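Before any comments, here is the structure.
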Amino acid sequence: MAESNLTLEIDTALARQILVDFLRSEIHRAGFQRGVLGLSGGVDSALTCILAAEALGPENVLAVRMPYETSTPESYEHAQLVL
């Protein structure tokens with residue numbers, strides 16, 4: 001198999017805006033103005049929380065720390081940083 005010199009380039013600002021717009025439009029389309037989410041301290045929930053806050057305004061997002069049973073103490077601390 002030949003090696004490829006192709007690199008993946010992502011316009012992160014555009015990707016972020018698409019995600020924020022999608023969250024906002026879908027939440028509003030469903031008839032909601034605010035959201036609640038579980039925050040484990042992992043990357044997925046942290047990113048979701050930040051994007052939701054951008055989409056709805058931080059005052060309209062309630063993040064509840066919900067570490068998984070095998071989460072490390074650091075995960076709990078990381079979740080607190082996002083709050």
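Under 6 Å by Cβ, and 6 or more places apart or on different chains, what pairs join a residue from segment 47-62 that is over 13 Å from residue 25 (Cα atoms) with one that is loosely packed, with under 13 Cβ neighbours inside 10 Å?
Every condition considered, the pairs that remain are 60/34; 62/36.
Which one of 74, 69 is surrounded by fewer than 11 Cβ atoms within 10 Å (Cβ to Cβ), among the charged types (D, E, K, R) and assigned to a helix (DSSP H, G or I)?
Details: 69 fails: assigned to a helix (DSSP H, G or I).
Of the residues listed, the single one that is surrounded by fewer than 11 Cβ atoms within 10 Å (Cβ to Cβ), among the charged types (D, E, K, R) and assigned to a helix (DSSP H, G or I) is 74.
Suppose we filter segment 5-22 for residues that are aliphatic (A, V, I, L, M) and either within 16 Å of residue 48 (Cβ to Cβ) or at pLDDT 95 or above (or both); how many remain?
So the first thing to find is which residues in segment 5-22 are aliphatic (A, V, I, L, M), and the list is 6, 8, 10, 13-15, 18-20.
Subsequent filtering for residues that are either within 16 Å of residue 48 (Cβ to Cβ) or at pLDDT 95 or above (or both) retains 13-15, 18-20.
Total meeting the criteria: 6.
Within segment 24-31, is even one residue among the aliphatic types (A, V, I, L, M) and either crowded, with 16+ Cβ neighbours inside 10 Å or part of a loop (DSSP other than H, G, I, E, B) (or both)? Working first, answer last.
The initial filter retains those residues of segment 24-31 that are among the aliphatic types (A, V, I, L, M), namely 27, 30.
The next check asks that each one be either crowded, with 16+ Cβ neighbours inside 10 Å or part of a loop (DSSP other than H, G, I, E, B) (or both); those that pass are 27, 30.
The answer is yes, given that some residue of segment 24-31 is among the aliphatic types (A, V, I, L, M) and either crowded, with 16+ Cβ neighbours inside 10 Å or part of a loop (DSSP other than H, G, I, E, B) (or both).
Give me a count of the residues in segment 1-23 that are surrounded by 10 or more Cβ atoms within 10 Å (Cβ to Cβ) and of a type in the set (A, V, I, L, M).
Just the residues of segment 1-23 that are surrounded by 10 or more Cβ atoms within 10 Å (Cβ to Cβ), to begin with: 15-23.
From the residues that got through so far, the ones that are of a type in the set (A, V, I, L, M) too are 15, 18-20, 23.
Summing the residues that are surrounded by 10 or more Cβ atoms within 10 Å (Cβ to Cβ) and of a type in the set (A, V, I, L, M) in segment 1-23 gives 5.
Just the residues that are surrounded by fewer than 16 Cβ atoms within 10 Å (Cβ to Cβ) and touching a strand residue (DSSP E or B) at 6+ places or on another chain (Cβ under 6 Å), please, taken from segment 44-64.
So in segment 44-64, the residues surrounded by fewer than 16 Cβ atoms within 10 Å (Cβ to Cβ) come out as 44, 47, 57-60, 62, 64.
62, 64, listed by residue number.
The values are calculated or read from the model by the stated rules, or taken from the named source; none is laboratory data. Treat the numbers as computed from the prediction; the structure is a model and nothing was measured. Positions of Cβ are backbone-derived with ideal geometry, glycine not excepted, and every protein chain shown enters the neighbour counts.
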